[in-house]
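This report refers to the structure that appears directly beneath it.
All of the numbers you see were taken from the coordinates with simple rules; none came from a lab. Predicted, not measured: the structure shown is a model, and the values here were computed from it. Counting neighbours? That spans all protein chains shown, and the Cβs are built from the backbone with ideal geometry, glycine included.
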Amino acid sequence: MIKRVITLLVLVSLLYACGPSVPVEPTIDVNAIHTYAAETVIAEFTQTARAVPPTSAATATESVSATPAATTQPTDTVVPTNNPFEATPTDITCDDAKWVADVTVPDGTEMTPGQDFVKTWKIKNTGSCTWGTGYTLIHGYDEKLDGVAEPLTTAVAPGEEVEVSVRFKAPAGVGEHRSYWRMQNASSSAFGEFFYVTIVVR
């Protein structure tokens, strides 16, 4: 491109030198030279761009390696030691008793005023201690009915059943009368279930 501009300038100089002896000042259109030079440069770039093949853009996509999510190892399950459904053993009380059955004088038995009678119950030793000397029945509450407990005649081991009795006297007043009793140990401490007798005086 620069060579062509220089060549153009040389040609203009030669024409000026070879002209008539009478100096004629040629009119040089500088703008035309600049325009020609610019068009030449643009044409050079266009031909160069056409000659060079376009470079293809990289089409290969970068493979993304997926990192697997970290898996957590299962932890050992801790089994609770305090199972709420497991029965907790309770201490057995030394002295305890439970009513089993009425042996004599069913509830509601009719009596005459002042009538003597003996009420017998069957009870069970549900404690851990053997009943022996000093164990007896004691009045709990309600009417006593002149009750006197009969002493135990044998030792009663835990888990055994025994019949216990009280001698009563029916009161003078007519109507229903009830008396509650329970066991008592040698230390005069009452224990176990209450059991009762109910009579009707006519």
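Could you please tell me the mean projected area of the C-alpha convex hull for region 104-180, averaged over all directions and given in square nanometres to one decimal? List each step's numbers first, then the result.
Working: hull surface 21.5 nm².
Computing the convex hull of the Cα atoms and averaging its projections yields 5.4 nm².
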Problem - All lysines inside 19 Å of residue 144 as judged from Cα atoms, apart from same-chain residues fewer than 8 positions distant - result: 119, 169
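If R0 is 25 Å, what FRET efficiency do you get for residue 143 and residue 93 from their C-beta distance, rounded to 0.05?
Numbers: r = 29 Å, r/R0 = 1.15.
The formula returns an efficiency of 0.30 here.
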